[in-house]
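What follows is a short report on a single structure.
The values are calculated or read from the model by the stated rules, or taken from the named source; none is laboratory data. Keep in mind it's a predicted model, so treat the numbers as computed, not measured. A quick note on method: Cβ atoms are made from the backbone with ideal geometry, for glycine too, and the neighbour counts reach across all protein chains shown.
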Amino acid sequence: MIKIEFEEPHQERCKCCGNTSTRLTRFVYRDGDAYAVYYVAFTEGHEDRVAYALVGLGEWGEGGEPEDRTAFAVNIWDDNGSWAVTVTDRADSPWGHVTFLGNVLDREDALRHPWIKEVFHITDHIVAEDRQVVEFFA
């Protein structure tokens, strides 16, 4: 069973349109142990209503370093009432430069990675439990 710890959102003005951009940082625990961290970013009023996420899995305990983790870039959107999630390349992600969550894999490598099912399990929880993400699409 996983549990998400919700930090306060960080909001700023979008440089391209002036609308509100939101960035979220979330800590994920499985059976009480640190399991994953994810970031999400989205902007109100953008034509593409997409939440851009980066999910980092690996060693989060004491002594865990970024090189002990792997990160997966995903896009989440509402596809006519159903949630859609796709894995993207590092270059297509606003989080592609982030190193703290681990090495960001490109799409093909991510889809072959043994942790990809865990990534989709976490995104299932994001669209069900992360109030800011759900409200963005409401």
- Message: So if I check each of F72, F42, which one is under 18 Å from F137 (Cα atoms), of a type in the set (A, V, I, L, M, F, W, C) and in contact with a helix residue (DSSP H, G or I) (Cβ under 7 Å, 6 or more places away or on another chain)?
- Response: F42
- When you go through (1) touching a residue at least 60 places away in the same chain (Cβ under 8 Å); (2) on the phi > 0 side of the Ramachandran plot one by one for Q132, which number turns out not to apply? (2)
- Task: Could you run through segment 81-91 and say how many residues are closer than 14 Å to V134 by Cα and more than 14 Å from the chain's Cα centre (by Cα)?
- Result: 3
- Picking from L101, L57, which residue would you name as being in a strand (DSSP E or B), at negative phi and within 15 Å of the chain's Cα centre (by Cα)? L57
- Search result, residues across segment 7-50 that are over 13 Å from the mean Cα position of the chain (by Cα), hydrophobic (A, V, I, L, M, F, W, C) and within 22 Å of A71 (Cα to Cα): A34
- Those residues of segment 32-61 which are among the small types (G, A, S) and free of Cβ contacts under 8 Å to residues at least 40 places away in the same chain, in sequence order: G32, A34, G45, G61
- Say whether the condition of being of a type in the set (K, R) and buried (at least 21 other Cβ atoms within 10 Å of the Cβ) is met by at least one residue in segment 90-99. no
- What number of residues in segment 1-31 are in a loop (DSSP other than H, G, I, E, B) and either without any contact (Cβ under 8 Å) to a residue 12 or more places away in the chain or aromatic (F, W, Y) (or both)? 4
- If we keep just the residues of segment 100-116 that are buried (at least 20 other Cβ atoms within 10 Å of the Cβ) and of a type in the set (A, V, I, L, M, F, W, C), which is modelled with the lowest pLDDT? L101
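Here is a yes/no grid of residues against (1) at pLDDT below 95; (2) in contact with a Gly (Cβ under 7 Å, 6 or more places away or on another chain):
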residue: L57; (1), (2): no, no
residue: G63; (1), (2): yes, no
residue: P66; (1), (2): yes, yes
residue: A71; (1), (2): no, yes
residue: N75; (1), (2): no, no
residue: D79; (1), (2): yes, no
residue: W83; (1), (2): yes, no
residue: V87; (1), (2): no, no
residue: G96; (1), (2): yes, no
- Just a yes or no: is a residue in segment 68-87 in contact with a Phe, Trp or Tyr (Cβ under 9 Å, 6 or more places away or on another chain), among the basic types (K, R) and either in contact (Cβ under 8 Å) with a residue 60 or more places away in the chain or surrounded by 13 or more Cβ atoms within 10 Å (Cβ to Cβ) (or both)? yes
